[in-house]
């Protein structure tokens with residue numbers, strides 16, 4: 001089931017929107033690349049050479065239970081956007097901090113590897129984690145650690 005965001009994204013391109021309108025109207029449609037995105041979003045099905053619009057996908061997307069607030073920040077396990085501030089940013093940083101065991105020390109390379117798995121700008125993520133107190137850096141800058149749960153809560 002596609003999210004409302006995925007449906008809007010699939011229709012955001014004017015050429016795809018026009019193609020979807022043609023399919024909805026039962027008119028001939030071509031453009032395999034454009035149709036593929038509509039099919040991937042669940043907006044269109046393909047049977048042989050025939051395309052059929054799937055209007056119920058909109059109702060299903062809206063009836064879906066509220067999504068995890070972090071869902072829209074990730075695509076295929078990779079962070080696609082970093083919120084500038086607010087509750088979503090705090091939730092994201094707390095989620096990223098869970099990659100580090102409390103009380104264990106990590107080298108800068110360890111931190112870089114863990115954060116690069118999520119987003120290419122590992123330095124910004126590391127800085128945000130440190131600024132929020134979710135990751136601590138040793139005074140010489142050579143080691144990083146996640147505070148124990150008792151210290152993090154206080």
**Fill in**
Checked against (1) closer than 16 Å to residue 146 by Cβ; (2) assigned to a loop (DSSP other than H, G, I, E, B); (3) free of Cβ contacts under 8 Å to residues at least 24 places away in the same chain, residue 100 satisfies every condition except (3)
**Asked** What number of residues within the stretch 62-85 satisfy the criterion of being within 12 Å of the chain's Cα centre (by Cα), surrounded by 10 or more Cβ atoms within 10 Å (Cβ to Cβ) and under 30 Å from residue 24 (Cβ atoms)?
**Response** 5
**Request:** Only residues that are surrounded by fewer than 16 Cβ atoms within 10 Å (Cβ to Cβ), touching a helix residue (DSSP H, G or I) at 6+ places or on another chain (Cβ under 9 Å) and either within 16 Å of residue 10 (Cα to Cα) or at pLDDT 85 or above (or both): list them for the stretch 28-61, please.
**Result:** 31, 40, 45, 46, 52, 55, 58
**Complete:** Only one of (1) under 30 Å from residue 116 (Cβ atoms); (2) surrounded by fewer than 14 Cβ atoms within 10 Å (Cβ to Cβ); (3) in contact with a helix residue (DSSP H, G or I) (Cβ under 9 Å, 6 or more places away or on another chain) does not apply to residue 88, and that is (2)
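Looking at the structure I just gave you, is residue 141 in a strand (DSSP E or B), farther than 28 Å from residue 10 by Cβ and outside the structural domain of residue 24 (by TED's automatic domain parsing)?
So residue 141 does not fit the description; no.
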**Request:** May I ask you to list the residues in the stretch 1-27 that are at pLDDT below 90 and not in a loop (DSSP other than H, G, I, E, B)?
**Result:** 4, 5, 6, 7, 8, 9, 10
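The values are calculated or read from the model by the stated rules, or taken from the named source; none is laboratory data. Predicted model, so just to flag it, every value in this text is computed and none were measured. Every residue, glycine as well, gets a Cβ built from its backbone with ideal geometry; the counts of neighbours run over all protein chains shown.
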